[in-house]
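Okay, structure first, notes after.
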Amino acid sequence: MPAWENNIRKVVPYVPGEQPKGDSIIKLNTNENPYPPSPRVLAKSEEFEKLRLYPDPKAEVLVEALAKYHHVDSNQVFVGVGSDDVLAMSFMTFFNSDKEILFPDITYSFYDVWAELFNIPYKQIPVDKDFRIIKSDYFIPNGGIVIANPNAPTGIAEPLSFIEDIVKNNPDSIVIVDEAYVDFGGETSLPLVDKYDNVVVVRTFSKSRSMAGVRIGYAISNSKLIKYLNDVKYSYNSYTMNMPSLALGVESIADEEYFQAMIKKVVDTREWFVKEINKLGFTCPKSSTNFVFATHKSVPATDIFKAARENNIILRHFSNERINNYLRITIGTKEEMEKLVSFLKKYVG
Ligand SMILES: *Cc1c(COP(=O)(O)O)cnc(C)c1O
């Protein structure tokens, strides 16, 4: 073994859901939005003439659009290449304690990967038997807290008061609230940003804004924490945001009506789909997201997963023991979900 082997940072990477090629597949495994982005986004191609230039390192147009949208100051907004980038930067910036950071055992499976990558000690706190986060478990000494609300892959949302209790009981650490799915029915923690000095709310354009391919995420916090985040970003890569993303992000924010209409379509389909699968013997926690986390009373999740795959329907299955009899099913178009329901009727019915 060469000596340099000892000096290499070895990590077990996060494994994203499969991105198959081909149009005949019903893809319900990575929580993408089935509808196109706003027509305003699609019309914005003139921006591409400016691609020979570096983008604005401050991403000002997008930061200002987001600040206006959320009624905060522009120095309270940080943007990044998807919320994965914003979360990774936040871990690097805010979690530099010898104490363990805390997050649930069942949650977004990137958190432990970043903790490992950045050598941050961490503790995964078990959710209860109904997959609910137990807030008092977070009232212990720690180096930081990360809560996805609504949580993934369970889809469960907790109210603002629940997050506020965690924040209030942890004045000595930064609490990151990952709101990737909040637009589909959660309660935002944004009001806490002005009330406490230790809250960072992270959002993404990938799910509710149908822009997973563009890679835009952002954080909202107080100006002090946003400055710390920017200092880390400028020490790593000044040009994280490319020019088309900046322009397209602004257009998406400008089209509130379209945004609300697409969310309503997804939520309506979700409510219909849950009723349909309940009739077939599936149960799932109440979803406040664009996916449902479903288990069947007798047919194992892995069997359903494989059979669906053979029928060109891709769902998400996790090997983690606590949830390996569940499937995370993204809400697609009504037509896609009808096809899934008719497959399930034949398969488990
Ligand atoms: C999808 C997701 C993200 C990352 O989304 P980006 O595409 O990187 O913005 C972050 N957190 C949770 C909980 C997610 O489900």
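Please treat every number below as a calculation from the coordinates, not as lab data. Owing to the predicted nature of the structure, the values given are computational and were not obtained by experimental measurement. Cβ sites come from the backbone with ideal geometry, for glycine too, and all protein chains shown count toward neighbours.
Over the chain, calculate the relative contact order: mean separation of alpha carbon pairs under 8 Å at least 6 apart, over the residue count, as a percent. Each step should come with its number before you reach the end.
Numbers: 609 pairs, mean separation 81.9, N = 349.
It comes to 23 percent, rounded to a whole number.
Can you show me the helix-derived [θ] at 222 nm for the chain, built from DSSP H runs with n ≥ 4 at -39,500 (n - 2.57) apiece and divided by the number of residues, rounded to the nearest 500.
Details: 11 runs with 122 residues, N = 349.
That calculation yields -10500 deg cm²/dmol at 222 nm.
Output the peptides 156-164, 304-312 sorted from most to least packed, where packing is the average of other Cβ atoms within 10 Å over each peptide's residues.
The packing order, highest mean first, is 156-164, 304-312.
Per the Kirkwood formula on distinct C-alpha pairs, the Rh of the range 72-131 is how many angstrom?
Values: mean 1/r = 0.0774 Å⁻¹.
Computed over the range 72-131, the radius equals 12.9 Å.
Let me check against my output: what whole-number percent is the relative contact order of the range 110-231, with C-alpha pairs under 8 Å and at least 6 apart?
Numbers: 160 pairs, mean separation 21.8, N = 122.
18 percent.
Relative contact order for the range 158-206: what percent, with Cα pairs under 8 Å and sequence separation of 6 or more?
Values: 51 pairs, mean separation 22.2, N = 49.
For the range 158-206, the relative contact order is 45 percent.
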Going by amide H atoms built from the backbone, whose H comes under 5 Å of the H on Lys207, apart from near neighbours? none
Considering the dipole of the range 25-111 built from charges on the beta carbon (Lys and Arg +1, Asp and Glu -1) around the Cα centre, which of Ala43, Tyr69, Ser109 is farthest to its positive end? Ala43
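Relative to the Cα centre, what is the charge dipole magnitude of the range 259-333, using +1 at the beta carbon of each Lys and Arg, -1 at the beta carbon of each Asp and Glu, and rounding to the nearest 20 debye?
Roughly 140 debye for the range 259-333.
Provide the packing ranking of 225-236, 262-273, 139-150, i.e. peptides ordered by the mean count of other C-beta atoms within 10 Å per residue, highest first.
Ranking, from highest mean packing down: 139-150, 262-273, 225-236.
Give me Met89, Met1, Met243 ranked fewest to most by other Cβ atoms within 10 Å of their Cβ, as a rough exposure proxy. List each step's numbers first, then the result.
Numbers: Met89 25, Met1 5, Met243 19.
Lowest count first: Met1, Met243, Met89.
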